[in-house]
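Asker: Here's a structure for you.
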Amino acid sequence: MKKQLVLAVFSAGCAFAAPVGNDFLLQTKNTSMAFSKQGDSWLMLHYGKRIERAEDARLLANSRYAGSSYLCENKPLTYLTAGSDSYSGGRACTKFAGLSVIHADGTLSSELHDAGAETVRDEAGAEHLTLTLRDPAYPFTVTQHFRAFAAYDIIETWAEIRHEEPAPVKLVQMDSAAFFFPLITKKFYLMTLPGQWGSEGQIEETPVGKGQTVTLDSRSGIRSAMGSNASFMLSLDAPASETSGRVIAGALAWSGAWTIRIQHDQIDGLGLFAGASNPSGPYTLIPGKTLVLPKLVLTTTESGKGQVSRNFHRWARDIQLHEGHAPRPILLNSWEGAYFTFTEKTLTDMMDGTKTLGGEMFVVDDGWFGRGSYARNDATSGLGDWVVNDAKLPHGLAWLADQAKERGLNFGIWVEPEMANTNSALAVAHPDWLLRERTRVLRGGRGGSQVVLDLTNPAVRENVLGQLDAMIASCPGLSYIKWDANSHFQNVGSEYLPRDRQANVWFDYTAGLYDLLARLRAKHPGLQLNACSSGGGRMDYGFLRYATEFWTSDDTDARQRILIQWGASQFYPACAMAAHVTAVPNLQTKRVTPLKFRFDVAMMGRLGFELHPENMTDEDVAFARAAVADYKRIRPIIQQGDLYRLVSPWEANYAALNYVDEKKDRAVAFVYGMTRLIGTDFPEPLRLQGLDPAKRYRVTEFNRVKGNKEHIKGNKKVISGSALMGIGLPIRLQGDFDSIAIELTAENH
């Protein structure tokens, strides 16, 4: 709805480019980014709390002299490049550039001068500032973009690089953003989301000491969020809390290899560098080609980390996510209930169970494809051959989709289009379509035979798209695809790319992936897409431009999911976070937790199941049906509401959070007990956030276990928002893995 309104305003005649004066403010609701043209250079003099006059930033800009012992004098250029060393009038700090170029003649320095600036209200309703920068000595151009989304306090920034030199140039460093802020404070604290398979989105916060540069990166090439998520929150002065403190935060929208660097220099300046990386060497850019670098999404606030998250969530739902306001369905995915071993009856029985539980979609996971000797019955064969395994599913996918439809369910399927097994028709017919090194033995990954397709090659992308199109056409009822990618870069080399451009494979693979996704999305705009990569490996805003959600982690243990989902919530909205109720003992941790606890934890995101319903007791089925009905009622609040994190599981032995809808008429809160010490460990009253203090709310505990005592004082009472936020609800947790679910509804009296 909001996107349509924006487009209507744009079509009414707002798309007129306007020139930019020497002092310029890019404004959002609460923040400003101030630019000043000084000589032939564009400087960024302020990014923070909103100001109203652009020249004030120039008048107050702090420029501390570094002294002759320093490498060079930093200047707050909008894009730092490797230029010429100079203390008096130097253009940039050459040792810490975001752009480092070896020109066609071998020259190592670059200088970028103003070649025009303009602003336009673009098709998304953003104010779009474009700075054109050219090297006076070479036909080399950088076009820098800044898009301000006022309502969300979000600014996207990226760069495009193009040249007309007589031969290729080498891009040693090619960051999307490379800023230097002279002196905004003397202390910086960096919060990041490190992790690995089964423990994605962990939270770490450390000071960035004077003279230190902290580098975050991913060199997987595919699983961009494994090791570290491409995001950060940088607190200024002191570590920010959820509700207070100055924060600059960013998320890089890129699904390949990336690097983010935070530099606290010797004179308390702050350098911020972020972009795609090429671990194998410089990117070779041929003349006449425009290289579009990924977006860095920025926000800043003086209201703490919770406001950072809400800014990102609102922007994601309205701007970035595909159909960000569509309700996400409650689905049952077959993997942990059937694995590779299933028949048509297995799947239809699971559909029956899905219907009984109140689910809305059934998804067939791995194992449905490949034929003959390439049939997918384990992890060693079939990848790359997206044709139905007719020995296992003789009636085909369309029949399965019809069976789902007869039960009132939508139908989905699992694919892994970027990979192949060496034991597949595709790999046997086209060995040159695999990433491979010309002089080395091809090495297999998962199952000993998994390899990565060379998506830099247009023929490969055409084949994959053709196979997916044929599969979708053969199954008219298909509405959901779980897109997995269980590999990092292996056999790094391309038979498609020229020998002198092999290092380009890192960037061009991801660019090829986005081309494939964009074409698939254009052909099938209504298709829901899940971004999975060995769990949460694709938790990034690059892939989420095309997807409706991501698989948060292969670790489905409810206790660990509290931590994983807490981390994911720092940047990613609940509607994009797939969270499933699974059987116990849990597959990954062998932990046994109550069914209510598993439901309450999964309700933090898009609720689903990963089990076989026939293995549930009648009592569990009855509880699940009621829980699903509850979730359907509160789904709009969780998936579209504002999130307030109240008690962190990283700081206490329980966690609490609440969601509030846009009108502040409805809210939902959850409390999760991790481990409890009986008789000595009493939670504080739960002080909710985000409510309207003038409204009165009926408080109702839901998703209760029959016969258990109430967890809250004030249940079924009407209480003012001011009291719920100022005094708080007295709560109690009764042992390990106890949980509380609370619904609040505003009343007129």
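Asker: Any residue in region 672-685 that is among the aliphatic types (A, V, I, L, M) and within 23 Å of Cys575 (Cα to Cα)? Please lay out each step first, then the result.
Answerer: Within region 672-685, the subset among the aliphatic types (A, V, I, L, M) is 674, 677-678.
If we keep only those that are within 23 Å of Cys575 (Cα to Cα) as well, we get none.
No.
Asker: Counting only residues that are among the acidic types (Asp, Glu) and either surrounded by fewer than 20 Cβ atoms within 10 Å (Cβ to Cβ) or closer than 26 Å to Leu691 by Cβ (or both), how many does region 590-617 have?
Answerer: Of the residues in region 590-617, the ones among the acidic types (Asp, Glu) are 600, 610, 614.
Applying the additional criterion that residues be either surrounded by fewer than 20 Cβ atoms within 10 Å (Cβ to Cβ) or closer than 26 Å to Leu691 by Cβ (or both) yields 600, 614.
Total meeting the criteria: 2.
Asker: A follow-up question, please. Could you list all residues from region 655-675 that are within 15 Å of Arg687 (Cβ to Cβ) and crowded, with 23+ Cβ neighbours inside 10 Å? Lay out the reasoning, then the answer.
Answerer: Going residue by residue through region 655-675, those that are within 15 Å of Arg687 (Cβ to Cβ) are 655-658, 660, 667, 669-671.
The answer is Ala655, Ala656, Leu657, Asn658, Val660, Ala667, Ala669, Val671.
Asker: Looking for something in a loop (DSSP other than H, G, I, E, B) and farther than 17 Å from Val388 by Cα - is there at least one such residue anywhere in region 499-508?
Answerer: We begin by selecting, within region 499-508, every residue in a loop (DSSP other than H, G, I, E, B); these are none.
Among the residues of region 499-508, not one is in a loop (DSSP other than H, G, I, E, B) and farther than 17 Å from Val388 by Cα, which makes the answer no.
Asker: In the set Gly448, Gly444, Gly466, which member is closer than 30 Å to Thr284 by Cβ, surrounded by fewer than 21 Cβ atoms within 10 Å (Cβ to Cβ), out of contact with any helix residue (DSSP H, G or I) (no Cβ under 9 Å at 6 or more places or on another chain) and at pLDDT below 95? It would help to see each step written out before you state the result.
Answerer: Numbers: Gly448 fails: closer than 30 Å to Thr284 by Cβ; Gly466 fails: at pLDDT below 95.
That would be Gly444, the only listed residue that is closer than 30 Å to Thr284 by Cβ, surrounded by fewer than 21 Cβ atoms within 10 Å (Cβ to Cβ), out of contact with any helix residue (DSSP H, G or I) (no Cβ under 9 Å at 6 or more places or on another chain) and at pLDDT below 95.
Asker: Let me ask something else about it. Name every residue in region 137-167 that is outside any strand (DSSP E or B) and either aliphatic (A, V, I, L, M) or not assigned by TED's automatic domain parsing to the domain that holds Gly83 (or both), in order of residue number. Can you show your working first?
Answerer: So in region 137-167, the residues outside any strand (DSSP E or B) come out as 137-139, 150-153, 164-167.
Listed by number, the residues that qualify are Ala137, Ala150, Ala151, Ala167.
Here's the yes/no breakdown for (1) among the acidic types (Asp, Glu); (2) part of a helix (DSSP H, G or I); (3) within 19 Å of Pro594 (Cβ to Cβ):
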site	(1), (2), (3)
Gln639	no, yes, no
Tyr659	no, no, no
Arg676	no, no, yes
Leu688	no, no, no
Leu691	no, no, no
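Asker: Now for a separate question. Any idea how many residues of region 575-588 are closer than 21 Å to Phe550 by Cβ and assigned to a loop (DSSP other than H, G, I, E, B)? If you could, list the steps in order and put the result at the bottom.
Answerer: Step one: of region 575-588, the residues closer than 21 Å to Phe550 by Cβ are 575-582, 586-588.
In the following step, the residues that additionally are assigned to a loop (DSSP other than H, G, I, E, B) were identified as 586-588.
Residues flagged as closer than 21 Å to Phe550 by Cβ and assigned to a loop (DSSP other than H, G, I, E, B) within region 575-588 amount to 3.
Here is a yes/no grid of residues against (1) within 28 Å of Ser199 (Cα to Cα); (2) not in a loop (DSSP other than H, G, I, E, B):
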| position | (1), (2) |
| --- | --- |
| Leu643 | yes, yes |
| Leu646 | yes, yes |
| Ala656 | yes, yes |
| Tyr697 | no, yes |
| Arg704 | no, no |
| Lys716 | no, no |
| Ala723 | no, yes |
| Gly735 | yes, no |
| Ile740 | yes, yes |
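Asker: For residues that are out of contact with any Lys or Arg (no Cβ under 9 Å at 6 or more places or on another chain) and not hydrophobic (A, V, I, L, M, F, W, C), scanning just region 660-674, find the one that is farthest from Gln689 (Cα to Cα). Please lay out each step first, then the result.
Answerer: Within region 660-674, the first condition is being out of contact with any Lys or Arg (no Cβ under 9 Å at 6 or more places or on another chain), and the residues that meet it are 661-663, 666-671, 673.
When the remaining residues are screened for being not hydrophobic (A, V, I, L, M, F, W, C), the result is 661-663, 666, 673.
Details: Asp661: 12, Glu662: 13, Lys663: 14, Arg666: 12, Gly673: 20 Å.
Per the criteria, the residue is Gly673.
Asker: Something else about it: Scan region 83-134 residue by residue and report those that are part of a loop (DSSP other than H, G, I, E, B), at pLDDT below 95 and of a type in the set (D, E, K, R).
Answerer: Selection gives Asp85, Arg91, Glu111, Asp122, Glu123.
Asker: Of all residues being in contact (Cβ under 8 Å) with a residue 60 or more places away in the chain and of a type in the set (Phe, Trp, Tyr) in region 382-417, which is farthest from Asn504 (Cα to Cα)? Just the residue, please.
Answerer: Phe411
Asker: May I pose another question? Looking only at region 378-392, which residues are within 32 Å of the chain's Cα centre (by Cα) and either in a loop (DSSP other than H, G, I, E, B) or over 17 Å from Asp365 (Cβ atoms) (or both)? First the steps, then the outcome.
Answerer: Here is the first cut: in region 378-392, the residues within 32 Å of the chain's Cα centre (by Cα) are 378-388.
Matches in region 378-392: Asp378, Ala379, Thr380, Ser381, Gly382, Leu383, Gly384, Asp385, Trp386, Val387.
Asker: Would you mind stating whether Val628 is under 30 Å from Ala338 (Cβ atoms) and in contact (Cβ under 8 Å) with a residue 60 or more places away in the chain? Full working, then the answer.
Answerer: Working: under 30 Å from Ala338 (Cβ atoms): yes; in contact (Cβ under 8 Å) with a residue 60 or more places away in the chain: yes.
Spelling it out, Val628 is indeed under 30 Å from Ala338 (Cβ atoms) and in contact (Cβ under 8 Å) with a residue 60 or more places away in the chain.
Asker: Can you spot a residue in region 597-605 that is at pLDDT 95 or above, more than 30 Å from Phe340 (Cα to Cα) and assigned to a loop (DSSP other than H, G, I, E, B)? Let's see the steps before the verdict.
Answerer: We begin by selecting, within region 597-605, every residue at pLDDT 95 or above; these are 597-605.
Subset that is more than 30 Å from Phe340 (Cα to Cα): none.
Checked region 597-605: no residue is at pLDDT 95 or above, more than 30 Å from Phe340 (Cα to Cα) and assigned to a loop (DSSP other than H, G, I, E, B).
For (1) at pLDDT below 95; (2) more than 31 Å from the chain's Cα centre (by Cα); (3) of a type in the set (Lys, Arg), each residue gets a yes or a no:
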position	(1), (2), (3)
Glu344	no, yes, no
Leu357	no, no, no
Val363	no, no, no
Pro394	no, yes, no
Ala398	no, yes, no
Lys405	no, yes, yes
Ile413	no, no, no
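Asker: Take the residues in region 108-122 that are touching a Ser or Thr at 6+ places or on another chain (Cβ under 6 Å) and not polar (S, T, N, Q); name whichever of them is nearest to Gly83 (Cα to Cα).
Answerer: So in region 108-122, the residues touching a Ser or Thr at 6+ places or on another chain (Cβ under 6 Å) come out as 109-110, 112, 115-116, 118.
Filter once more, keeping what is not polar (S, T, N, Q): 112, 115-116, 118.
Numbers: Leu112: 9, Ala115: 18, Gly116: 20, Glu118: 25 Å.
The qualifying residue nearest to Gly83 (Cα to Cα) is Leu112.
Asker: Out of all the residues in region 618-649, which are within 23 Å of the chain's Cα centre (by Cα), of a type in the set (Gly, Ala, Ser) and buried (at least 19 other Cβ atoms within 10 Å of the Cβ)?
Answerer: Gly641
Asker: Hey, which of the strands (runs of 3 or more DSSP E) in region 168-279, taking only ones fully inside, have at least 3 residues that are within 19 Å of Thr299 (Cβ to Cβ)? Break it down stepwise before answering.
Answerer: Details: elements: 169-174, 177-181, 188-192, 204-207, 212-218, 231-236, 246-252, 258-264, 270-276.
Hits in region 168-279: 177-181, 188-192, 231-236, 246-252, 258-264, 270-276.
Asker: Right, another one. Being surrounded by fewer than 22 Cβ atoms within 10 Å (Cβ to Cβ) and in contact (Cβ under 8 Å) with a residue 12 or more places away in the chain is the requirement here; does Asp454 meet it?
Answerer: Details: surrounded by fewer than 22 Cβ atoms within 10 Å (Cβ to Cβ): no; in contact (Cβ under 8 Å) with a residue 12 or more places away in the chain: yes.
Spelling it out, it is not the case that Asp454 is surrounded by fewer than 22 Cβ atoms within 10 Å (Cβ to Cβ) and in contact (Cβ under 8 Å) with a residue 12 or more places away in the chain.
Matching residues to (1) outside any helix (DSSP H, G or I); (2) crowded, with 20+ Cβ neighbours inside 10 Å:
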| site | (1), (2) |
| --- | --- |
| Gln307 | no, yes |
| Arg310 | no, yes |
| Trp315 | no, yes |
| Ile319 | no, yes |
| His322 | yes, no |
| His325 | yes, no |
| Leu332 | yes, yes |
| Thr341 | yes, no |
| Thr346 | no, no |
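The values are calculated or read from the model by the stated rules, or taken from the named source; none is laboratory data. Remember, it's a predicted structure, so these values are computed and weren't measured experimentally. In this analysis, Cβ positions are derived from the backbone assuming ideal geometry, glycine residues included, and neighbour counts consider all displayed protein chains.
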